[in-house]
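See structure below.
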């Protein structure tokens, strides 16, 4: 039975993920194992809602 390793990386900077992925692929290639990927996953976009005014009017909001 073949052993499978799945690695999921998260970072705020895409360059760090690219460097880490390259290092992992090079290490796996040195062990003569097969590599499938890297497969880019969809990016998460977080939307934050803030009330505009400091006192009332909860209906008035901004999204960031």
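The values are calculated or read from the model by the stated rules, or taken from the named source; none is laboratory data. Remember, it's a predicted structure, so these values are computed and weren't measured experimentally. Neighbour counts are summed over all protein chains in view; Cβ atoms, including those assigned to glycine, are modelled from backbone coordinates with ideal geometry.
Summary of computed values
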| item | result |
| --- | --- |
| Counted residues, segment 32-58 - those being in a loop (DSSP other than H, G, I, E, B) and modelled with pLDDT of 90 or more | 2 |
| So residue 62, is it surrounded by fewer than 10 Cβ atoms within 10 Å (Cβ to Cβ), under 16 Å from the mean Cα position of the chain (by Cα) and not in a loop (DSSP other than H, G, I, E, B) | no |
| Every residue from segment 8-31 that is part of a loop (DSSP other than H, G, I, E, B) and surrounded by 10 or more Cβ atoms within 10 Å (Cβ to Cβ) | 9, 11 |
